[in-house]
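Enquirer: Just passing along the structure, written as structure tokens.
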Amino acid sequence: MDNKKIADTLEETADLMEIAGIDGFRIRSYRNAAQIVASLSEPIVTILQDSDRNITDIKGIGKSIASALKDLIERGSFSRRDEMLEKYPPTALELLKISGLGPKTIATIHHHFRISTIDGLEQLCRDGKLRELPRMGEKLEHRILRGIEIYKRNAGRFLINFAHQTAIELVNYLNENNDSNDITAAGSLRRGKETIGDVDLLVTGPKTTNAIDRFVEHPSVNEILVHGDTKASVTVGREGLQVDVRALETDSYGAALQYFTGSKEHNVALRERAVRMGLRLNEYGLYRNDDGTKIAGQCETSIYEALGLSWIPPELRENTGEIEAAAEGTLPELIRADEIVADLHMHTTESDGYFSMNEMAEAARKKGYQYIAITDHSKALAMANGLDESRLLKQIKQIREASERWEDFTILSGCEVDILQNGKLDIDNEVLAQLDLVIASVHSHMDIESEKMTDRLLHVLENPYVNILGHPTGRLLLRRDPYVYDFERVVAEASKCNVHIEINASPERLDLGFPHLRVAKSSGVKFTISTDAHHTKHFDNMQYGVLSARRGWLTVNDVLNTLSLEKFLKTLVR
DNA sequence: GCCGTTTTCGGCCCGACTGTTTTCAGTCG
């Protein structure tokens, strides 16, 4: 059992313990242990098997969890988990994903109605049965029904980082065979879409049948849906992500890559264009209608060229103007990940991060960045141990001192300041004035009506110390809708005030998304792409932020953390 | 369940909102 699986099992147990109403601190120990296990570079098994070492030497792992880990590896479970699963079926875990429904309510419902599935719960709400229970009423029934609706709408989709990691793992596995096949991920993953329904892998080369046979034998394959000579379809992991592999002839590889990358709308438009030109486009190639001659297919570029277009980056293939731009030769030169020189939103152990300022700085520097901004939470976010004025002043001093150490690297002192319900910030202006960078973000009162939210954000922009509007729509992918306000008006005002807009690269947010980005870009506002890292490994999420930016047609000129420090600081002057 | 110059017990993580109540339990961040 690998570390990830162990961590997942510990988390799962912690979830069940929540429902069982077990002491919160005890649950936290399990979650903490899960986090530790997940971030270990060495397999737990190796440590346990080494008689010279003691797993309890790792901070956060004591006697009980050490024994749980041992049992987990030996027999796939441990007593606390068994005990929980005896009380609550695993389907109860799914209920926790419904917004507005927490462990206590799930436990009460299970206790009274013996119901622990989403469908069962939905029926209960529709029948108005929930209101029979203490402290539950009609409004709660409605809230849960709405939560179920959102959950169902998003079910079966996955965050891009999860799909991406799965794809990398499978591609590496197939490459291990060294049968000189080419393997590429197509589909929405290649287009950089924020959420992915299934992963499409294309294999071409001399031994594609071997590759497909090997693919279905991968240890994380759960269920084989289809297994033929040229196609296999499976679900992987306990999450059940569907992965399709297709084997292709080398001379139609480009056509297949184009076809399976999509989007559907883009492909339809492309085929229509082909028809108008007396051509026919399908997954095998581009053909002349009159005599059936194949005129392109081996590579994507040849297909686009034959259609009178420049090659279109996958991120733009949504049929929202990219074909016209490609015809006119006016496609933008999209921003590239290697052009990013700074990360401007991250947290440390001062608030809710996992690493100290120095550790974050070292990791960022190693990544090749020229500068970063430390932006811990402010005091209104008490749960995240947000900083008040005096702690912030102290931190500014520490940052200045730490930053002195390097010639080639700078730490900016920043803060992710909370936007209160009235549109004011929760840190005094005198202190904000001393920061290099102020990100203003909404973390509460997210469901107020549109007009109030618009006013609230417009009010924030009036504060002369605000530089960046953080995760501007507040969405949590697959979990929470963006909050509602007059976005166009707010970005227009931001552009006027020289407040920049953040593209939050966290795979759970990827906020802004593509339609918002297009609107924002046309307002003339400038962007920063930042990871909101709470862990050094989160720096790697920058790639997803860049993908989002590319989907929004952004170029290097739109994104400010591509600038040298000197030039960047000039963009902060209001 | 973990930790420890406050060390074998007691602290760890808190404030605000909502919906249900008439004082507070549950949820969220």
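The values are calculated or read from the model by the stated rules, or taken from the named source; none is laboratory data. Computed from a predicted model, the values in this text were never measured in an experiment. With ideal geometry, Cβ positions are generated from the backbone for all residues, glycine too; neighbour counts draw on all protein chains shown. Only protein heavy atoms, including side chains, enter the accessible area calculation; ligands, DNA and RNA are left aside. Shrake-Rupley method; radii C 1.70, N 1.55, O 1.52, S 1.80 Å.
Enquirer: With bins 5 Å wide starting at 0, give me the P(r) of segment A:3-154 over every alpha carbon pair, in whole percents.
Expert: With 5 Å bins starting at 0, P(r) equals 2, 9, 18, 19, 14, 12, 10, 8, 5, 3, 1, 0, 0.
Enquirer: Identify, among A:Gly545, A:Ala107, A:Ser233, the residue whose Cα sits farthest towards the positive end of the charge dipole of chain A, taking +1 on the Cβ of Lys and Arg and -1 on the Cβ of Asp and Glu, with the dipole about the Cα centre.
Expert: Towards the positive end, the residue furthest out is A:Ala107.
Enquirer: Shifting gears a bit: Which value, in Å² and to the nearest 10, is the accessible area of A:Ser41 when all protein chains are kept and the probe is 1.4 Å?
Expert: 120
Enquirer: Over segment A:37-92, with every protein chain in place, what whole percent of the accessible area is carbon and sulfur at 1.4 Å, could you tell me?
Expert: Within segment A:37-92, the accessible surface is 46 percent carbon and sulfur.
Enquirer: Using the structure shown, select from A:Lys526/A:Lys570; A:Lys193/A:Lys567; A:Lys452/A:Lys496 the pairs with a Cα to Cα distance greater than 24 angstrom. Don't jump to the answer; show the numbers that get you there.
Expert: Values: A:Lys526/A:Lys570 13 Å; A:Lys193/A:Lys567 31 Å; A:Lys452/A:Lys496 21 Å.
Table pairs above 24 Å Cα-Cα are A:Lys193/A:Lys567.
Enquirer: Quick one: of the DSSP bridges fully inside chain A, what percent are antiparallel, nearest 5? Don't skip to the end; give the middle numbers.
Expert: On the way: 27 of 59 bridges.
The antiparallel proportion sits near 45 percent.
Enquirer: Right, here's the next one. Sorting A:Glu94, A:Glu141, A:Glu12 by accessible area (1.4 Å probe), largest first, what list results?
Expert: Largest accessible area first, the residues go A:Glu94, A:Glu12, A:Glu141.
Enquirer: Related question: Could you rank the peptides A:198-211, A:527-540, A:163-176 by their average count of other C-beta atoms within 10 Å per residue, with the highest value first?
Expert: A:527-540, A:198-211, A:163-176
Enquirer: If you take the charge dipole of chain A about its Cα centre, with +1 on Lys and Arg Cβ and -1 on Asp and Glu Cβ, which of A:Gly368, A:Ile396, A:Leu563 is farthest toward its positive end?
Expert: Working it through, the farthest residue towards the positive pole turns out to be A:Ile396.
Enquirer: Can you list the aspartates and glutamates whose alpha carbon sits under 19 Å from that of A:Lys264, skipping same-chain ones fewer than 8 residues off?
Expert: A:Glu194, A:Asp198, A:Asp200, A:Asp244, A:Glu272, A:Glu283, A:Glu300, A:Glu315, A:Glu318, A:Glu322, A:Glu324
Enquirer: When the Karplus curve 6.51 cos²θ - 1.76 cosθ + 1.60 is applied with θ = phi - 60°, which whole-Hz ³J(HN,Hα) does each residue of segment A:228-235 get, with x for Gly and Pro?
Expert: Those phi angles translate into x, 6, 10, 8, 9, 9, 9, 10 Hz.
Enquirer: Can you compute the equivalent ellipsoid semi-axes for segment A:84-197, i.e. the square root of 5 times each eigenvalue of the Cα gyration tensor, sorted largest first and rounded to whole Å?
Expert: Ellipsoid half-lengths, sorted descending, are 41, 16, 9 Å.
Enquirer: What lysines does A:Lys394 reach when the alpha-carbon gap must be under 20 Å and sequence neighbours fewer than 8 apart in one chain are set aside?
Expert: A:Lys394 reaches A:Lys379.
Enquirer: Here is a follow-up. For each pair in A:Lys104/A:Lys129; A:Lys70/A:Lys366; A:Lys97/A:Lys424; A:Lys4/A:Lys63; A:Lys4/A:Lys97, compute the distance between the two Cα atoms and list the pairs where it is over 26 Å.
Expert: Listed pairs above 26 Å: A:Lys70/A:Lys366; A:Lys97/A:Lys424.
Enquirer: Next question. Which value, in Å² rounded to 10, gives the accessible area of A:His227 with a 1.4 Å probe and all protein chains present?
Expert: 90
Enquirer: Where nothing but the Cβ of Lys and Arg (+1) and of Asp and Glu (-1) is charged, how large is the charge dipole of segment A:337-570 around its Cα centre, in debye to the nearest 20?
Expert: In debye, rounded to 20, segment A:337-570 gives about 500.
Enquirer: Suppose all protein chains stay in the model; what accessible area per residue would a 1.4 Å probe give for segment A:23-174, in Å²?
Expert: 58
Enquirer: In whole Hz and in residue order, list the ³J(HN,Hα) couplings for segment A:345-351 that follow from phi through the Karplus curve 6.51 cos²θ - 1.76 cosθ + 1.60, θ = phi - 60°; x for Gly and Pro.
Expert: Going residue by residue, I get 8, 7, 10, 10, 4, 4, 10 Hz, with x marking Gly and Pro.
Enquirer: Would you pull out the residues with amide H under 5 Å of A:Leu225's amide H, same chain only if 5 or more places away, H placed 1.01 Å from N?
Expert: Residues meeting the criterion, in which the H sits 1.01 Å from N, are A:Ser233, A:Val234, A:Thr235.
Enquirer: From the P(r) of chain A, can you give the percent of Cα pairs sitting at distances over 41 Å?
Expert: Of all Cα-Cα distances in chain A, 33 percent exceed 41 Å.
Enquirer: If one computes P(r) from the Cα atoms of segment A:435-574, what percent of pairs lie at distances over 27 Å?
Expert: Taking all Cα-Cα pairs of segment A:435-574, the fraction more than 27 Å apart is 13 percent.
Enquirer: Translational diffusion coefficient, Stokes-Einstein: compute it for segment A:253-328 using the Kirkwood radius over C-alpha pairs as Rh, at 20 °C and 1.002 mPa s, and state it as an integer in µm² s⁻¹.
Expert: Using the Kirkwood radius from Cα pairs, D works out to 179 µm²/s.
Enquirer: Tabulate in residue order the Karplus-calculated ³J(HN,Hα) for segment A:383-395, using 6.51 cos²θ - 1.76 cosθ + 1.60 with θ = phi - 60°, rounded to whole Hz; enter x for Gly and Pro.
Expert: 4, 8, 6, x, 7, 8, 4, 6, 5, 5, 4, 5, 5
Enquirer: Could you work out the relative contact order of segment A:337-570, using alpha carbon pairs under 8 angstrom and six or more residues apart, expressed as a whole percent?
Expert: It rounds to 20 percent for segment A:337-570.
Enquirer: Pull up the cross-link candidates among the aspartates and glutamates for A:Lys367, meaning alpha carbon to alpha carbon under 18 Å and not fewer than 8 places away within one chain.
Expert: Hits, sequence-local ones excluded: A:Asp338, A:Glu339, A:Asp343, A:Glu359, A:Glu407, A:Asp408, A:Asp532, A:Asp540.
Enquirer: Extending each Cα 7 Å along its Cβ direction at A:Glu324 and A:Glu389, get the distance between those two points in nm, one decimal.
Expert: Placing both labels 7 Å beyond Cα along the Cβ direction yields 5.3 nm.
Enquirer: While we're here: Can you give the Kirkwood hydrodynamic radius of segment A:172-217 from its Cα pairs, in Å with one decimal?
Expert: In segment A:172-217 this quantity evaluates to 11.4 Å.
Enquirer: R0 = 30 Å: FRET efficiency of A:Ile22 with A:Arg75, Cβ-based, nearest 0.05?
Expert: Numbers: r = 22 Å, r/R0 = 0.74.
In this case the efficiency is close to 0.85.
Enquirer: From the helices alone, meaning DSSP H stretches of at least four residues, give me the mean residue ellipticity at 222 nm for chain A, per-run term -39500 (n - 2.57), in deg cm²/dmol to the nearest 500. The partial results should precede the final answer.
Expert: Numbers: 24 runs with 247 residues, N = 574.
Helices in chain A give a 222 nm mean residue ellipticity of -13000 deg cm²/dmol.
Enquirer: Once the piece of chain linking A:Asp352 and A:Glu94 is laid out straight, how much longer is it, given 0.36 nm per residue of separation minus the C-alpha distance between them?
Expert: That pair, A:Asp352 and A:Glu94, stretches by 90.3 nm at full extension.
Enquirer: Here is a further query. When the expected Rg is taken as 2.2 N^0.38 Å, what fraction or multiple of it is the alpha-carbon Rg of segment A:158-248?
Expert: That ratio works out to 0.98.
Enquirer: Quote to one decimal, in nm, the extra length available between A:Lys452 and A:Ser522 on full extension: 0.36 nm per residue of separation minus the C-alpha distance between them.
Expert: 22.8 nm
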